[in-house]
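One structure is given here, and the rest of the page talks about it.
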Amino acid sequence: MGGRAITVLNVAEKPSVAKSVASILSRNQGLRVRDGRSRYNRIFEFNYTIRGQPCQMLFTSVLGHLMELDFDDRYRKWHSCDPADLFQAPVHKFVPEDKKDIKRTLEEEARRCQWLILWLDCDREGENIAFEVINVCTAANPNLTIKRARFSALIDREIHQAVQNLVEPNKWFADAVDARQEIDLRIGATFTRFQTMLMKDAFVIDTVTDGRNTVLSYGPCQFPTLGFVVERYWEIQAHEPEEFWLIKCSHRSDEGVANFSWERGHLFDYTCAVIIYEMCIEEPTATVTKVTPKEKPKYPPHPLSTIELEKRASRYFRMSSERTMKVAEELYQGGFISYPRTETDNFSSRTDLHAIVQEQQGHPEWGIYAQRLLDPGAGLWRNPRGGGHDDQAHPPIHPTKFSAGESGWSQDHRKLYELVVRHFLACVSKPALGAETTVEIDIAGERFSACGRVILERNYLDIYIYDRWDGSMIPNYAIGEQFIPTTLTLDPGKTNPPPLLSEADLLSRMDKECIGTDATMHDHIKKLLDRFYATKDANMCFTPTNLGEALVMGYDDMGYKLWKPDLRAVMERDMKSVSEGNKSKAEVLDTSLQQMKTCFLDARLNKVKLLEAMAIFFERLNRVGSDEQNGTGVVVRRCRLCQESDMVLKKNRDGNFMVGCRSYPQCRSVVWLPGSISEAVVTTNACNNCTPGPVYLIQFKFQQLKIPPSYNVNHLGCIGGCDEILTQLTEICGTGSRMPARGRGPTASTSNVHHTNPRSTASTSNAHHTNPRQAVCSHCQETGHSSNDCPSQTRRSRNPQYPGMNQQNGESSVACSSCGTPCGLQTANTDSNRGRDFYSCQTQGCRFFVLEEQNIVHGFETAICLRESYDLYYRRWVDDLNNGSEGRSFPRSNSTPASNRGRNGGRGSRGRGRNGSNSSNGTFVSATGDPISDRRCYTCGDPSHFANVCPNRGGL
DNA sequence: GCAAGGTC
């Protein structure tokens, strides 16, 4: 090789890469720079030798995509075609106005070059941009030799290797993006036009969109994002709080307080909880069974990726992801932080991390920490742990220039820069270290544990002020030590609905479901706000608006997953197939557009679902065209219906003439005119026949081809009823009304549907959506009512009487021992006892045992019995009741005469055997001494005994 | 007036 130098045009995806690569290749020797046509994209020049071939290198860049995709002009206007046509309408790629200058630079430089080397990012979008550049350059110079440089990092070795091993551009990658673009465009435009026009014609929605021009956009990323918000909102609405019970235990000594948590967490079954609690307070002595001291590290975060930056800025500063990215971009432009759009959370081993720390040594706030990091004696340094993501293009976000704050910076700039620096310093720091001691105790076979922590080393916590890790002291315990709990209580609790989605949650969700890219997620979130689909509160949490909820509800009612991430997931899989050469672009386009078109046509047939969903929240408009509303038009006559306004000649949205009352929508009087009219002008001549006058005559001109030949195209007509020609032509040609002719006329108005409380209506309607808890009654598994209104439940729990133990056989009633209120029969609706009956005090709050200090107080404030379980657990008490001692305090003695057992024993007829054997061999027996065979030990599952005598548990 | 994807 060798010989004459050739001229090589090199193009990168962005100016910064052009500059970096040019610097690396030229080693900054003889590097010249000049301006191109575009103010951002300069041209670097230097000499280089590729495999022995001397080259004069010209290095410039684009700004991401050079081209856009859109429909041909005749389909651009919204009313130019049926939205369904957009699935086939011709599309073309073009260079938009703001990229024309880049195009000119490429053309001019390409003309004097022999080679074109593409340095676009090495991902699918980059490959697609490469082909856009090829298109522009080869159009200017068809003789170009085209080469692709593949590189994964902007470092010397990588770049030199890339240029010495040039490859062919990957058409499959580019094709995948082409398909994605086309599908996005066609689906987006079709559904956006369809739903916008549908809703704007049917409802008053301007009120919720600030009166701005309303576009109800649909997109394969924005809609699933909205879907996440709505879905969570529905989950919250559907949540039925469920009561649970938990035993809490605390112990105070001279050394402090330990709060012990119950190993079972909580139980939904009140009876079970009471039983276990009773066991505990019968034998309240706690025995320390285990004391486990261990050192526990708390690790610093992984190096910072874009999504993490957005999530953390949202959590720490309540900064929106959109604002974060704007500020980060500005910090990047100013050279203060590295490239902010990166998926990488792993530093390359080649990155000089120490140098980055060194830069920060002079900072008034964190400079000292940076110095400590660099001091080997301090032992604070630790090489960062990566999170396993690498986009092969950019490093994690890190500071690139020291700043103690610039004069032009806003508070947001300061906060974000500080976060980036602190995050970086934390990454290269040792984890914090704590000494944790877990103490386990046993009370009557129930296990509880408490944990104390002492922070031994703060390490990274000193710099990462956003993470909290506190110590908590508990007294010292020794194994075998016993004590009486200071408090031992059975506390109620209830399940809470999940929280609204925060911005950080939303980003995580999008990331997980592959909605959008790290560079675009914040755009999709912002779009929800811009389109009035959702609002964000002060806590950065998202709530759907009526509009957003109605749209999702409408599609959901149709049974479509258009608002779910599935569609995007399928597209993503298709793109992957194309980029791997397993499917062709045409194949993917064909099938997926065909499917989407079928889906669209079906959705349009089912548009009533969308309309119904919208009607829950919005006032019906009942207009035919937007012009009918605005009260303009020339007066034809006084309105005979409302007798308040004038009837005026107008055109509806489709360009058809009509004479309607100016008081629309209050007055809906209208005269529809033949659809064949091309012109209509109200004259000053009044009709001589029609009353009450004046009824001004209208000069019509008809379209020749739309009326029978026997009629004249010009006609001076009257809409007062006397004009037979007009009547005939209306009959023959029909009208411009979209409504069927028979339903029309002044009295054909449909009543407005206006729900004054749309939310409450919505929640009713929600019952048929999405959340199975709402859709199906949790008691009887049937639809048509909520769990709260289940007939199987209300029949019992709302019994007007206060029955006795057994309503059927008329036994005596039960009174609460505490307040004397008769106890009502209820039916358990908790997991393990669903459908079972029990008695419970009707007085609110009258329910619980209380153990105060060390004096056991049997504040048994509820008469309770599970009919099916009493002989398992509560025979003693039941027997007490049966002995006429109802209302007594909860029994503590085992004094029930065995002879009384049989009384309610009939309910034990489910085959529960009672053979009278005793408990001495570890078999659990009921309080009456009967063995229990159909219950299992909570601890080991063994049916032969119950947990309080389980041999597998220590301490007893 | 419509999408999502690059990037200043």
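The values are calculated or read from the model by the stated rules, or taken from the named source; none is laboratory data. This structure is a prediction, so every number in the text was calculated from the model and none was measured. So basically every Cβ, Gly included, is an ideal-geometry build from the backbone, and we count neighbours across all protein chains shown. Heavy atoms of the whole protein, side chains included, go into the accessibility calculation; ligands, DNA and RNA do not. Shrake-Rupley method; radii C 1.70, N 1.55, O 1.52, S 1.80 Å.
The lone criterion from (1) open to solvent by 30 Å² or more (accessible area, probe 1.4 Å); (2) at pLDDT below 95 left unmet by residue A:153 is number (1).
Please indicate, with yes or no, whether at least one residue in the stretch A:175-194 is without any contact (Cβ under 8 Å) to a residue 40 or more places away in the chain, β-branched (Val, Ile, Thr) and within 16 Å of DNA strand B (Cβ to nearest atom). Yes - at least one qualifying residue is present in the stretch A:175-194. For residue A:300, the criteria (1) assigned to a loop (DSSP other than H, G, I, E, B); (2) open to solvent by less than 30 Å² (accessible area, probe 1.4 Å); (3) within 21 Å of residue A:516 (Cα to Cα) hold in every case but one, which is (3).
Within the stretch A:223-250, being farther than 17 Å from residue A:495 by Cβ and open to solvent by 20 Å² or more (accessible area, probe 1.4 Å) holds for A:231, A:233, A:248. Would you check if residue A:11 is at pLDDT below 95, within 16 Å of DNA strand B (Cβ to nearest atom) and either within 44 Å of the chain's Cα centre (by Cα) or under 16 Å from residue A:101 (Cα atoms) (or both)? No, not satisfied.
For the stretch A:195-240, the set of residues classified as of a type in the set (S, T, N, Q) and within 15 Å of DNA strand B (Cβ to nearest atom) consists of A:195, A:196, A:209, A:213, A:214, A:217, A:222, A:225, listed by residue number.
For the stretch A:199-213, a residue qualifies if it is in a helix (DSSP H, G or I) and open to solvent by 30 Å² or more (accessible area, probe 1.4 Å), and the qualifying residues are A:200, A:206, A:207, A:208.
Going by the conditions given, is residue A:257 open to solvent by 30 Å² or more (accessible area, probe 1.4 Å), over 30 Å from residue A:565 (Cβ atoms) and among the aliphatic types (A, V, I, L, M)? Show your work before the answer.
Details: open to solvent by 30 Å² or more (accessible area, probe 1.4 Å): yes; over 30 Å from residue A:565 (Cβ atoms): yes; among the aliphatic types (A, V, I, L, M): yes.
For residue A:257, the condition - open to solvent by 30 Å² or more (accessible area, probe 1.4 Å), over 30 Å from residue A:565 (Cβ atoms) and among the aliphatic types (A, V, I, L, M) - is met.
Considering (1) out of contact with any Ser or Thr (no Cβ under 7 Å at 6 or more places or on another chain); (2) more than 16 Å from DNA strand B (Cβ to nearest atom), the lone condition that residue A:373 does not fulfil carries the number (1). Among residues that are open to solvent by 50 Å² or more (accessible area, probe 1.4 Å) and modelled with pLDDT of 90 or more, residue A:584 is included. State yes or no: is residue A:403 touching a helix residue (DSSP H, G or I) at 6+ places or on another chain (Cβ under 6 Å) and either within 16 Å of DNA strand B (Cβ to nearest atom) or closer than 17 Å to residue A:360 by Cα (or both)? When the stated conditions are applied, residue A:403 does not pass them. Considering the stretch A:551-588, the residues that are out of contact with any Ser or Thr (no Cβ under 9 Å at 6 or more places or on another chain), of a type in the set (A, V, I, L, M, F, W, C) and away from DNA strand B (no atom under 16 Å from the Cβ) include one that is farthest from residue A:224 (Cα to Cα), namely A:586. Within the bounds of the stretch A:71-79, is there any residue that is of a type in the set (Ser, Thr, Tyr), farther than 28 Å from residue A:519 by Cα, in contact with a Leu (Cβ under 7 Å, 6 or more places away or on another chain) and more than 9 Å from DNA strand B (Cβ to nearest atom)? Scanning the stretch A:71-79 turns up no residue that is of a type in the set (Ser, Thr, Tyr), farther than 28 Å from residue A:519 by Cα, in contact with a Leu (Cβ under 7 Å, 6 or more places away or on another chain) and more than 9 Å from DNA strand B (Cβ to nearest atom). Considering the conditions (1) at pLDDT below 95; (2) crowded, with 16+ Cβ neighbours inside 10 Å; (3) not hydrophobic (A, V, I, L, M, F, W, C), residue A:354 is excluded by exactly one of them, (2).
Within the stretch A:114-139, take every residue that is out of contact with any Leu (no Cβ under 9 Å at 6 or more places or on another chain) and near DNA strand B (Cβ under 10 Å from one of its atoms) and give me the one that is farthest from residue A:167 (Cα to Cα). It comes out as A:125.
None of A:34, A:51, A:111, A:104 is more than 14 Å from DNA strand B (Cβ to nearest atom), out of contact with any Pro (no Cβ under 7 Å at 6 or more places or on another chain) and at positive phi except A:51.
Conditions tested, residue by residue: (1) charged (D, E, K, R); (2) at pLDDT 75 or above; (3) open to solvent by 40 Å² or more (accessible area, probe 1.4 Å).
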site	(1), (2), (3)
A:628	yes, no, no
A:636	no, yes, no
A:644	yes, no, yes
A:650	yes, no, no
A:672	no, no, no
A:680	no, yes, no
A:687	no, yes, no
